[in-house]
Amino acid sequence: MVSGTKQAAAGTQDKPKRLSLADKTYAVLKEQILDQRLAPGARLNIDALARELNVSSSPLREALSHLEAERLVNYATNTGYSVASSPTPQFLRDLMEYRAVTEGYCARIGAATATEETIQAMKETEQDMRAMRELGSRFRDYKEYTELDSLFHGLIVDSARNEVLSMTYRSMHAVLTQARMSLFRDAGSIGSDAAIEEHAEIVRAYESRDGALAEAAVRKHLKGSQDRMFEALQRRQGLDNPPLPRWAPGQDAGSR
């Protein structure tokens, strides 16, 4: 459960809005896709889904349009909607590079001027993830862990106080969540000790208000995350030569 401190830091203290039928339908379908109850590549029949979810086609199409924007479903003129395929190794590499550039920049800018509220929210989130790490590998636990991880990294991006960066960053979150769910579903435990310690290192950099140190810590963490992701791909898919990053911890994006 998200604490009041984390809600305030994320700008969500206002009374939650009432979800529309389209929002509820979107949430149900998104969970089914991430849970792979709707398998990658599966065709999505509008009439069948409407009957199954007990909704009309209008909110269903709105929900599918939202999922398409998040790259979780595809639409083709002649065949309609289908569940998106799992992200390719190359796309995952590109996504992690995007995150390194974006989060690294935001950490450099945001750490120097971070509020106590933001730092406290980061600490609480890191502590919640550390506690959850000990729960095991149940899928519902990993879903909660992923939500906390998203909150932690969202706090990094939001700390730069740049609305456009925050908005565009969040638009990519769903496909990363899909990749995590797919790769680590049966890994035997949620998260990793290394990732949790890397988060703690980021928090310490923010506490010291050191922008350069925060950027280096974020890039180190994301490089480690990519390495762990491709190790999982190698185990699961027999990938011999995963694409290597064009960036490294502490590397200035402008020097590439």
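The values are calculated or read from the model by the stated rules, or taken from the named source; none is laboratory data. It should be emphasised that the depicted structure is a prediction, and the values quoted were computed from it without experimental measurement. We place every Cβ from the backbone using ideal geometry, glycine too, and count neighbours over all the protein chains shown.
From the list E97, E62, E31, the lone residue that is charged (D, E, K, R), modelled with pLDDT of 95 or more and part of a helix (DSSP H, G or I) is E62.
If you go through the stretch 21-52 and keep only what is closer than 12 Å to A63 by Cα and hydrophobic (A, V, I, L, M, F, W, C), you end up with L21, A22, A27, V28, L29, I46, L49, A50. Filtering the stretch 227-235 for residues that are at pLDDT below 95, in contact with a Phe, Trp or Tyr (Cβ under 8 Å, 6 or more places away or on another chain) and of a type in the set (A, V, I, L, M) leaves a non-empty set. In the stretch 159-175, the residues that are within 22 Å of R209 (Cβ to Cβ) reach residues that are among the acidic types (D, E) and surrounded by 17 or more Cβ atoms within 10 Å (Cβ to Cβ) with C-beta atoms within less than 6 angstrom, at least six apart or across chains, in these pairs: S166/D158. May I ask you to verify whether N54 is surrounded by fewer than 16 Cβ atoms within 10 Å (Cβ to Cβ) and modelled with pLDDT of 90 or more? The answer is yes for N54. Across the stretch 207-226, the number of residues qualifying as modelled with pLDDT of 95 or more and either more than 22 Å from T113 (Cα to Cα) or outside the structural domain of T115 (by TED's automatic domain parsing) (or both) comes to 0.
With respect to the stated conditions, L92 fails to be at negative phi, surrounded by 12 or more Cβ atoms within 10 Å (Cβ to Cβ) and without any contact (Cβ under 8 Å) to a residue 40 or more places away in the chain. Cβ-Cβ contacts under 6 Å between residues 6 or more apart (or on different chains), taken from a first residue in the stretch 190-202 that is among the aliphatic types (A, V, I, L, M) and modelled with pLDDT under 90 to a second residue that is buried (at least 18 other Cβ atoms within 10 Å of the Cβ) and in a helix (DSSP H, G or I), are listed as I190/Y142; I190/Y145.
So that you can scan it fast, the table gives a plain yes or no per residue for (1) outside the structural domain of M229 (by TED's automatic domain parsing); (2) out of contact with any Asp or Glu (no Cβ under 6 Å at 6 or more places or on another chain); (3) crowded, with 19+ Cβ neighbours inside 10 Å:
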| residue | (1), (2), (3) |
| --- | --- |
| Y26 | yes, yes, yes |
| L49 | yes, yes, yes |
| S58 | yes, yes, no |
| E62 | yes, yes, no |
| T102 | no, yes, yes |
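Comparison of A63, A39, A76, A69 shows that the only residue that is within 30 Å of Y169 (Cα to Cα) and touching a residue at least 60 places away in the same chain (Cβ under 8 Å) is A69.
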